[in-house]
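Novice: Starting off with a structure, shown below.
No lab work stands behind these numbers, since they all come straight from the coordinates. These numbers were taken from a predicted model, which means no experiment stands behind them.
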Amino acid sequence: KLLIYAGSIEQAKNIPALQYNSKMPKKEKDLNYRQFYNSECDKMVNVGMLKESVSVPNLKYGMVMGIESSEASKVQIIGRFCRLVVGDVSQIYFFVARGTIEETWVYNGLSKFKNKIRKIDVFQKTN
């Protein structure tokens with residue numbers, strides 16, 4: 001399963017996956033979450049939600065497009081993927097602009113998870 005944290009609802013709408021955001025009707029949100037939770041669909045994109053008190057089984061991939069401003073939110077997002085069964089592996093991809101505070105956080109902030117994250121690959125643009 002792939003859980004995507006988009007930076008805005010507009011950005012999320014361009015991603016072909018189940019949608020989950022605060023502007024959706026509760027009934028639609030609940031249906032989409034249930035389908036994702038029960039593995040009826042393997043991709044969901046959300047905006048500003050699904051950070052605290054959420055456990056989704058079988059998460060294998062995460063995409064973070066735009067880093068949250070609060071430290072607690074960053075930790076909660078990463079925490080979605082650190083709740084693994086022993087022997088499982090998840091991959092989290094951060095999409096950030098070079099030379100920004102988000103890039104600094106990716107380099108420095110993930111050190112808090114050194115016992116959970118084995119390797120951080122940074123893809124750099126080549127000219």
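Novice: Calculate the radius of gyration of the Cα atoms of the range 20-60 to one decimal place, then report Dmax, the largest Cα-Cα distance, as a whole number, both in Å.
Specialist: According to the Cα coordinates of the range 20-60, Rg and Dmax are 9.9, 28 Å.
Novice: OK, next. Extension gain residue 56-residue 42, at 0.36 nm per residue separation less the Cα-Cα distance, in nm? Walk me through the intermediate numbers first.
Specialist: Values: separation 14, 0.36 × 14 = 5.04 nm, distance 1.14 nm.
Result for the pair: 3.9 nm of gain on full extension.
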